[in-house]
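Trainee: Here's a structure for you.
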Amino acid sequence: MTSTVVVRRGAFGAAILLTGCLLLAACGGTGSASPSVGGSESRPFAPAQPNAVNGAVGQPSRAATGGSATASSAGLTAGLTAANQSIVYTASIEVRAANVTATARRITGIVESAGGYISAENAGSAGPGGTGRTIDITVKIPVPAYQAVLGQLSAPALGRQLSMHEQATDVTQEVANVNSLVTSQQDAIAALDGLLQHAASVTDLLQVQQQISADESTLNSLLAQQRALNDETSYATVTMTLVSPPPVVHKKPTTHSFLTGLLAGWHALRHAAGWTATALGAVLPFLAIAAVLAALGYAGRRRYVRRRIGPPAAE
């Protein structure tokens, strides 16, 4: 009897212990899951971001997953923004070179090795008297190699740099507008081609053909603008002016002696005599006219005086 009671009590105690363990395990699982749910609810929802390349909707933002993911996303966005911009780069450089012809050949080699080309080249005289030479060169450089080539063109190895100007113009909006107009015009021409096939009368046919001709003319103008913008944004323009150094004037050393003073005095006398003769020559016609007028006045005055005095009385 006693052994039976002991066994029952042991079984009952084991059941109670097992139940307590199960309850503790269940409470532990619930507590560990609760913070996770709370954390996900407190995290703000990030809307889907558009893909900068093709415009498609990508994955949600991962700003809450860690600092490395955020930095990587920021770098990718910055790279895509720069790639989508359309920039026109221009620069002008004036260089004084000892041999402008040889410097022009070096510039041509630098530009062509980078994939560019010479757009224009003009040569002339540097001074009004024809002393010295000047060469104007306009080069086109691929945009990826623009900074590197510009550094070579402005290096002291080509000559002394007199001036340099750089400019970057953002034409992203203009490029987007022209591309949109080209697409719209192409769609309009395609729609008119469909109407042309279903024209009910000759009048309708002529009207549609006239509209197609006008739209094609507009499209050709837009395509020309598109090609020009593509060329300007693909190649940077650099204008270089090469100027030869001014001629060196060698001054003779001045010596002081009696002969030098005598020659200087003789030259001064000649200049003074020349100026005096010039002044007399300029005044002489006026003196002649003044002398004639004075003689006429004197003769007239004598006659007037004689008339007033009258003839002398006879004795």
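Bear in mind that the values in this text are calculations on the coordinates, not laboratory data. Predicted, not measured: the structure shown is a model, and the values here were computed from it. Every residue, glycine among them, receives a Cβ derived from its backbone with ideal geometry; neighbour counts consider all protein chains shown.
Trainee: Which far-off residues, 5 or more places away or on another chain, put their amide H under 5 Å from the one on residue 86, with H placed in the peptide plane?
Mentor: Under 5 Å from the amide H of residue 86 lie the amide H atoms of 171, 172, each far enough along the sequence or on another chain.
Trainee: Continuing with this model, one more query. Tell me, in nm to one decimal, what length is gained between residue 169 and residue 266 on full extension, where the rule is 0.36 nm per residue of separation less the Cα-Cα distance? Please report the intermediate quantities before stating the final value.
Mentor: Details: separation 97, 0.36 × 97 = 34.92 nm, distance 6.72 nm.
28.2 nm is the gain from fully extending residue 169 to residue 266.
Trainee: Then there is this: Restricting to Cα pairs below 8 Å that are 6+ residues apart, what does the relative contact order work out to for the range 86-170? Please round to a whole percent.
Mentor: Working: 115 pairs, mean separation 40.7, N = 85.
Relative CO of the range 86-170 lands at 48 percent.
Trainee: Still on this structure, please answer the following. Where the only charges are on Cβ atoms (+1 Lys, Arg; -1 Asp, Glu), what is the dipole of the range 109-240 about its Cα centre, to the nearest 20 debye?
Mentor: Taking the Cα centre of the range 109-240 as origin, the dipole is about 660 debye.
Trainee: Along each principal axis of its Cα atoms, how long is the range 86-170 end to end? Whole angstroms, biggest number first, please.
Mentor: 45, 25, 23
Trainee: In addition: What is the range 172-233's relative contact order, in percent, from Cα pairs under 8 angstrom and six or more apart in sequence? Write down the numbers at each step before the final one.
Mentor: Values: 27 pairs, mean separation 30.0, N = 62.
Relative contact order here is 48 percent.
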